[in-house]
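> Sharing a structure below in structure tokens format, with a few things to ask.
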Amino acid sequence: LEYKYASTIKLLIEPDRKKIAYVVGHGEPLGDNTADILSTLEKYYDVDTINLLQNVDIGRFYTAAIICKPTEAFDEKNKFKIDQYVMQGGKLLMCIDQLRFNMDSLKYTDASLAMDYGLNLDDMLFKYGARINPDFIEDYQQSNPIPITVGSLGNQPDIRLLPWAYYPFSISTSKQPIVNNLDAVAFNFVNSIDTVANPEIKKTILLASSNRSRRVPSPVRISLANLKFKPQADMFKEKNIPMAVLLQGKFQSVFANRVDANFIKVYTDSLKKPYATANERDNKIILVSDGDVMLNDFQPNRGPLECGYYKYTEQLFANKTFILNCMEYLTDDYGLLEARNKNLTLRLLDTAKIKK
């Protein structure tokens, strides 16, 4: 209740709404599958779509930028634009798929391979303190089912919902305000994240797999035939494999000591753009190893479905709340989300004293 009051007061006293950039230009989804989350964000922020290929930079007037599920490689020029946006204090929410795979590829074949997108972002993310691995997480304990034909009943196919280890959902136990008391968040073909030993960057795991999961390294062979066999529990021995991480601190530029002095002179003098090799103040980046986490399904007869809605079980996961919390944490200078961390202790009254 305190958080809701404070959030409303903040909206009333702030003269302008924060601006957010949804970055496109490298195959990012835009349209039916982003309709719900972008329309929801527009209730709280001014959201612009910015094509990274057609702009010199990501404007400093954007408090935060979203990079969601790029499918094409970033060249050094466009990586430089992202890097300098971060160096100038811009906040980032990155939902990245490292491996390319689509369930439609299993419609006409028994198995298919998931291959690396080759996004060319590894060195930049490593410099910021994390690495998205070229693998898939299989979760034996927490996963959503998919419909599979297991036989026939008369002339009709016998279709059942069977757990699909590549569709895990995460239930956070962290007290970090973004995920504190958050319901389950659903993922599709999510990669694992490793944090890098960098004392200047604080890493907080926001979402992770269950206690019975494992990593399958690339190239991953995906086959529906696996559902015919009961999984062996002893194969799923890894616990809490990170799927979303918060990075905080003074980030160092991946282009430090790599850019020609003449280029810097043109960039600063002719283009009138500031150039920095490190953050002056603490900054924030949220990295999620699944681009589908903020997308919604689309059905021709119903239109865009709600972000986090899983059509096979008709269950609504907390994906949209998670994204909204991420954006609020990145853009809020007041730290209002901290109010959600408070614990209220209920103390019973002395009934004898009350009666007296």
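The values are calculated or read from the model by the stated rules, or taken from the named source; none is laboratory data. Owing to the predicted nature of the structure, the values given are computational and were not obtained by experimental measurement. Counting neighbours? That spans all protein chains shown, and the Cβs are built from the backbone with ideal geometry, glycine included. Heads up: the accessible areas ignore ligands, DNA and RNA and are worked out on the full protein's heavy atoms, side chains in. Shrake-Rupley method; radii C 1.70, N 1.55, O 1.52, S 1.80 Å.
> Positive end of the dipole of the chain, charges at C-beta (+1 Lys, Arg; -1 Asp, Glu), about the Cα centre: which of Ala261, Ala114, Ile285 has its Cα farthest in that direction?
Highest projection toward the positive end goes to Ile285.
> Moving on to the next point. Please work out how much length the chain gains when fully extended from Ser152 to Ala278, using 0.36 nm per residue of separation minus the C-alpha to C-alpha distance, in nm with one decimal. Mind showing how you got there, number by number?
Details: separation 126, 0.36 × 126 = 45.36 nm, distance 6.25 nm.
That works out to 39.1 nm of additional length.
> Who wins for biggest fluctuation among Ile148, Ile13, Ile50 in a Gaussian network model of the chain, springs between alpha carbons below 10 Å?
Ile13
> Counting every Cα pair in segment 167-280, what percent are over 22 Å apart?
Values: 3575 of 6441 pairs.
Roughly 56 percent, rounded to a whole number.
> Follow-up question, since we're still on this one. According to the Cα gyration tensor, what semi-axes, each the square root of 5 times an eigenvalue, does the equivalent ellipsoid of the chain have, listed from largest to smallest in whole Å?
Details: eigenvalues 243, 183, 81 Å².
Working from the Cα gyration tensor, I get semi-axes of 35, 30, 20 Å.
> For the pair Lys311/Lys10, report the inter-label distance in nm, with labels modelled 7 Å from Cα in the Cβ direction.
3.5 nm
> Here is a follow-up. For segment 1-76, treating each Cα as an identical point scatterer without solvent, what Debye log10 I(q)/I(0) comes out at q = 0.26 1/Å?
Here log10 of I(q) over I(0) equals -1.26.
> Related question: As a test, work out the antiparallel percent of DSSP beta bridges whose residues both lie in the chain, rounded to the nearest 5. Before the final figure, lay out the partial values.
On the way: 44 of 62 bridges.
Of all bridge pairs located within the chain, approximately 70 percent are antiparallel.
> Right, another one. How large is the direction-averaged shadow of the alpha-carbon convex hull of segment 221-314, in nm²? Write down the numbers at each step before the final one.
Numbers: hull surface 52.6 nm².
In nm², the orientation-averaged hull projection of segment 221-314 is 13.2.
> Take the Cα pairs of segment 151-204, get the Kirkwood Rh, then feed it into Stokes-Einstein at 10 °C and 1.306 mPa s and tell me D in µm²/s.
On the way: Rh = 15.2 Å.
The estimated diffusion coefficient comes to 104 µm²/s.
> Determine the alpha carbon to alpha carbon distance for each of Lys79/Lys250; Lys202/Lys239; Lys107/Lys175 and list only those over 30 Å. Present the calculation step by step, with values, prior to reporting the outcome.
Values: Lys79/Lys250 18 Å; Lys202/Lys239 21 Å; Lys107/Lys175 42 Å.
Violating the 30 Å limit, Cα to Cα: Lys107/Lys175.
> On average, how much area does the Cα convex hull of segment 175-229 cover when viewed from any direction, in nm²? List each step's numbers first, then the result.
Numbers: hull surface 24.8 nm².
Taking a quarter of the hull surface, the average projection is 6.2 nm².
> Asn180 to Arg215: extension gain in nm, 0.36 nm per residue of separation minus the Cα-Cα distance? Intermediate values should be presented prior to the final figure.
On the way: separation 35, 0.36 × 35 = 12.60 nm, distance 2.59 nm.
Residue separation times 0.36 nm, minus the Cα-Cα distance, leaves 10.0 nm.
> Tell me the label-point distance for the pair Val56, Asn102, using the 7 Å Cα-to-Cβ offset, in nm and rounded to one decimal.
Label at Val56, label at Asn102, 3.8 nm between them.
> Under a 10 Å cutoff between Cα atoms, tell me which one of Ser192, Ser152, Ser223 has the largest fluctuation in the Gaussian network model of the chain.
Top of the fluctuation ranking is Ser152.
> Determine one quarter of the surface area of the Cα convex hull of segment 49-163, which equals its mean projected area, and express it in nm² to one decimal.
On the way: hull surface 42.6 nm².
The number I arrive at for segment 49-163 is 10.6 nm².
> As a quick test, which of the pairs Lys69/Lys320; Lys77/Lys203; Lys43/Lys203; Lys10/Lys272 have an alpha carbon distance above 26 angstrom in this structure? Could you put the intermediate results ahead of the total?
On the way: Lys69/Lys320 16 Å; Lys77/Lys203 28 Å; Lys43/Lys203 30 Å; Lys10/Lys272 34 Å.
In this structure, Lys77/Lys203; Lys43/Lys203; Lys10/Lys272 exceed 26 Å between Cα atoms.
> Right, another one. Evaluate the relative contact order of the chain (contact order divided by residue number), counting alpha-carbon pairs under 8 angstrom at least 6 apart; express in whole percent. Could the numbers behind the result be given before it?
Values: 730 pairs, mean separation 73.4, N = 356.
Result for the chain is 21 percent.
> Could you do me a favour and compute the accessible area per residue for segment 128-241, 1.4 Å probe, result in Å²? Provide the component values of the computation, followed by the final result.
Working: 5810 Å² over 114 residues.
Roughly 51 Å² per residue, with all protein chains present.
> In debye to the nearest 20, how big a dipole does the chain give about its Cα centre with +1 on each Lys and Arg Cβ and -1 on each Asp and Glu Cβ?
Using only the charged Cβ atoms, the result is roughly 1200 debye.
> Moving to a separate point now. Among Gly308, Gly291, Gly249, determine the one that fluctuates most according to a GNM of the chain built with springs between C-alpha atoms less than 10 Å apart.
In the Gaussian network model the winner is Gly249.
> While we're on this one: Work from the charge dipole of segment 1-133 (Cβ charges, +1 for Lys and Arg, -1 for Asp and Glu, about the Cα centre) and give the residue of Ala35, Gln88, Thr49 farthest towards its positive end.
Gln88
> Okay, moving on. Out of all Cα-Cα pairs in segment 124-223, roughly what percent, to the nearest whole number, are more than 23 Å apart? Show your work: numbers first, answer last.
Values: 2070 of 4950 pairs.
For segment 124-223, the fraction of Cα-Cα distances above 23 Å is 42 percent.
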